[in-house]
Amino acid sequence: MLPTPLTAFLVLLLDFLLGRSQPPQSAHYQRPLQFELRHEHAISLDAHVVFSDVSSTTSYSNESSYSIDTRYLTSYRPSSFSAYNDARIHSIRHAQSANLPWHEAEIIGPNVESRKTLLELAKMTNNAYVTPDDSQWYELSDMWPNHYPFGWEPDADGFRGYVFATPDNSIVVLSIKGTSAALWGDAGPTAKKDKLNDNLLFSCCCARIDWTWTTVCGCYRNGWKCDQDCLEQALVEDSLFYPIGTNLYNNLTYMYPTSDIWIIGHSLGGAVASLLGVTFGVPVVAFESPGERLAARRLHLPSPPSTHHVTHVYHTADPIAMGTCNGILSSCALGGFAMETRCHLGKTIVYDTVSNLSWSVDIRKHGIVSVIEEVLGQPWQPSEDVGREVPPATVEEDCVECYSWDFGDYPL
């Protein structure tokens, strides 16, 4: 199988020789790709990555297909994961950034300016929460007849999701499940570990809200003080989803060594997808994700020259994505979640549902189904009025979070 960039070049060359008309080169758009559901993936209790092939003879194997519009984008990748990890360890141990070379690459990613593309990816993301025979599973177009699951064993409590691929395996999409909690959906066997990751990654200091809370790490000090070294150590434990995700991604590249890989997810799954996308330089689309920029810094992830290959999609009535679901009386706090971050990596596509749809800010609007049915499922008039399908993707500038806290060297 030819590498994707070479294949694209040959297609363009053939079209030129045959005299076919092409869109302007500046548009950087490609023809739609077709994907098949190939694997479900999961992390077992002993932290091993588990893939489950989906048989082509299953009753649902030919009912889950997706068509995605694509475009070229620029990303930056380390020379290897080991070099990236060495730079990260150097930063953790010496509080210094290592000189990590980045390789610029032009890759094929999803066309995030297309409402149809975002809608299809959102449906794929929703399906990471359910099995294909569940009534909440979205049936899409005829382009995903096979899939492989992970994390669906009765005793599993880690990652869950699916792997989708084009028929020629040129593009593989990894879909990661977000938080399962009774607060905004049905809880399940992953709920406990989901909640631990949420409170470690998205709180200011170990999920310390007030004296009545049991923190998830021992880094809080008196007042508004938090020990930075302790906090960073808590975030490198293997129980966190980030190292599990890197293991999963590396296993996936062994299965598909010549394929381009995209990562998608909702909520916690979207944040983890973003962290993995920054690590490996692959396209990411995250829906309704809490701010993960602070977690990336605390994890000492080496920062590439650009993270614009990561796209966040959320709306203004979701207090989690907006970073307003905090405080002792918030819906999140009442559910035991300290969701205090608000700053996102990459670019963000924000739907102003408060102003344009008169929505109230409500934790119940955080779910991916609400995004699919009420936001992406129909034309967005404010964008249509200016000749667009979706709001523009912009960088979050001057974003500040956890400003009340003092992070420093505060040993016990």
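The values are calculated or read from the model by the stated rules, or taken from the named source; none is laboratory data. Computed from a predicted structure; not experimentally measured. Using ideal geometry, Cβ is built from the backbone for each residue, glycine included, and neighbour counts are taken over all protein chains shown.
Observations, loosely collected:
- Criterion violated by PRO305 - all others in (1) touching a residue at least 60 places away in the same chain (Cβ under 8 Å); (2) in a strand (DSSP E or B) satisfied: (2)
- Summed over segment 378-398, residues that are outside any helix (DSSP H, G or I) and surrounded by 14 or more Cβ atoms within 10 Å (Cβ to Cβ) total 6.
- Complete set of residues in segment 206-250 that are under 19 Å from TYR162 (Cβ atoms) and either buried (at least 19 other Cβ atoms within 10 Å of the Cβ) or modelled with pLDDT of 90 or more (or both): PHE241, ILE244, GLY245, THR246, LEU248, TYR249, ASN250
- One residue stands out among those in segment 308-321 that are touching a Lys or Arg at 6+ places or on another chain (Cβ under 8 Å) and assigned to a loop (DSSP other than H, G, I, E, B): the one that is surrounded by the most Cβ atoms within 10 Å (Cβ to Cβ), which is ASP318.
- Residue in segment 94-108 that is buried (at least 19 other Cβ atoms within 10 Å of the Cβ) and touching a strand residue (DSSP E or B) at 6+ places or on another chain (Cβ under 7 Å) present: yes
- Some residue of segment 322-344 being in contact with a His (Cβ under 7 Å, 6 or more places away or on another chain) and either free of Cβ contacts under 8 Å to residues at least 12 places away in the same chain or not in a loop (DSSP other than H, G, I, E, B) (or both): no
- Whichever residue in segment 141-184 is touching a helix residue (DSSP H, G or I) at 6+ places or on another chain (Cβ under 7 Å) and modelled with pLDDT under 80 and, among such residues, is surrounded by the most Cβ atoms within 10 Å (Cβ to Cβ): PHE159
- Hits in segment 256-277 - residues which are among the hydroxyl-bearing types (Ser, Thr, Tyr) and either part of a helix (DSSP H, G or I) or surrounded by fewer than 24 Cβ atoms within 10 Å (Cβ to Cβ) (or both): TYR256, THR258, SER259, SER274
- Residues satisfying the stated conditions in segment 345-377, i.e. buried (at least 22 other Cβ atoms within 10 Å of the Cβ), of a type outside the set (Val, Ile, Thr) and either part of a loop (DSSP other than H, G, I, E, B) or at pLDDT 95 or above (or both): LEU345, GLY346, TYR351, HIS366, LEU376
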